[in-house]
1. Please state the relative contact order of the chain as a whole percent: Cα pairs under 8 Å, 6+ residues apart?
2. I need the P(r) histogram for region 124-172: all alpha carbon pairs, bin width 5 Å from 0 out to the longest distance, whole percents.
3. Could you pull the Rg and Dmax for region 292-377, using just the Cα atoms, both in Å?
4. Students often forget the sequence filter, so: which aspartates and glutamates lie under 19 Å Cα-Cα from K156 once same-chain residues fewer than 8 apart are removed?
5. Determine the sum of side-chain charges near K121: Lys and Arg each +1, Asp and Glu each -1, restricted to other residues whose C-beta is under 12 angstrom from that of K121.
6. Across bins of 10 angstrom width beginning at 0, how are the C-alpha pair distances of region 246-389 distributed, in whole percent?
7. Quick check: convex hull of the Cα atoms in region 106-262, volume per residue, rounded to a whole Å³?
8. Scan around V165 for amide H atoms under 5 Å from its own, H built in the peptide plane at 1.01 Å from N, and keep only partners 5 or more places away or cross-chain.
Amino acid sequence: MTKLKDEVTSLESKKTSRRKFFKAAAATGAVAAASLAMPNISVAQGTVTLKMQTAWGPADADPFFEMAKDYGKRVEQLSNGSLKIDVMAVNSVLKTAEIADGVSTGVVDAGHSVTAYWYGKNAVSSLFGTGPSYGFSSQELMGWIEYGGGRALYEKTLAATKLDVVGFFAMPMPAQPFGWFKKEIKSMADLKGIKYRTVGLATNVLQGIGMTVLQLPGGEIQPGMKTGLIDAAEFNNPSSDKNFGMQDVAKFYHLASFHQSQEMFEITFNKKKFNSLSKHHQDILRIAAEAANSDNYWKMTKRYADDLIKLQKESGVKVVVTPKDVLAAQMDSWDKVVAEFSAKDPLFKEVIESQKRYAKVVMSYLLMNQPDYTIGFKKAFGDPTKITW
């Protein structure tokens with residue numbers, strides 16, 4: 001009887017052990033399943049926030065500041081909230097000309113600007129956005145950066161300038177208008193002696209066609225026109241120009257120019273800060289810039305077009321296509337500027353030669369393959385230069 005009782009007790013003990021085993025296994029399986037079902041949930045390590053100083057603002061109405069904020073939103077979305085960017089308007093911490101050094105030294109973690117704004121430190125910077133065209137637009141220039149050897153040369157330029165940053169590019173901008181004039185420019189003769197605002201290598205190019213050129217931050221352009229410091233100016237596009245109030249100080253808006261025909265934003269990060277981030281967060285910062293390329297371009301080309309119509313209808317602005325002799329003179333001046341800078345700076349020459357190799361191959365295909373789109377437009381609407389709203 002005692003032996004039978006012992007065997008029963010032993011059997012119950014084994015059943016209990018097996019129940020405990022399966023119960024534990026089930027719990028483990030549930031945890032594993034939950035982990036598989038929710039891969040974005042991880043052990044909390046704290047949200048990383050990067051402070052980004054832009055060259056734009058201060059109002060949210062500034063389209064460039066809006067685009068910087070859009071970039072920050074993409075970063076936060078792609079990281080599921082684990083990486084955020086505190087986007088600050090110009091002069092929050094740094095002035096426009098201080099952004100490159102401020103990011104490099106870690107005063108701020110990141111910057112949203114253009115390479116031409118550190119032209120004074122190294123003229124080669126202007127070739128990454130405000131250089132000669134060789135037939136390409138900003139779209140193809142970005143192609144050169146990513147697939148034609150441009151990125152390595154950009155990093156070489158950063159090193160030569162002693163800027164300790166990691167940079168990405170976003171928003172291939174439409175060609176910038178020649179800008180705002182108090183009288184219509186009908187030929188080269190009308191440009192002689194005009195005091196004009198631009199930045200980067202365009203300064204040298206336009207000086208070469210007889211203009212007197214000053215480099216002013218965006219916020220000082222309209223006041224400069226009002227006080228007579230300058231007679232004419234460009235900034236970038238109809239929307240930004242409208243927000244600056246350029247229509248209040250000039251009525252002739254000249255579209256089409258080779259002075260800055262292919263520019264885009266430069267998004268920079270302090271290199272030490274960037275290298276301290278996880279590989280996942282580094283990838284997100286790069287991929288978010290790539291995504292911003294398309295969205296920024298789609299959003300802003302529509303806005304620019306709408307605001308150009310408003311400038312004509314509501315403010316009495318006369319939109320003029322820049323005369324061909326002015327465009328030809330700009331191209332001739334570019335040749336002289338490129339030759340001058342290439343002769344004294346081997347890196348400048350190296351970048352130019354790389355761009356020309358890329359343009360010769362890519363643009364020979366594109367220019368032969370693309371139909372003349374103005375034919376389609378004229379068939380539907382007439383001459384684009386004669387349309388009134």
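1. Working: 576 pairs, mean separation 76.4, N = 389.
Once normalised by length, the contact order is 20 percent.
2. 5, 20, 33, 26, 12, 4, 0
3. 18.5, 50
4. D101, E146, D164, E266, D345, E350, E353
5. Details: positive: K162; negative: E98, D101.
With Lys, Arg at +1 and Asp, Glu at -1, the neighbours total -1.
6. Binned Cα distances yield the sequence 8, 20, 32, 26, 12, 1.
7. Hull volume normalised by residue count: 121 Å³.
8. Result for V165 returns K271.
The values are calculated or read from the model by the stated rules, or taken from the named source; none is laboratory data. All figures in this text were calculated on a predicted structure; none of them were measured in a lab. Positions of Cβ are generated from backbone atoms using ideal geometry, with glycine treated the same way; all protein chains shown enter the neighbour counts. Heads up: the accessible areas ignore ligands, DNA and RNA and are worked out on the full protein's heavy atoms, side chains in. Shrake-Rupley method; radii C 1.70, N 1.55, O 1.52, S 1.80 Å.
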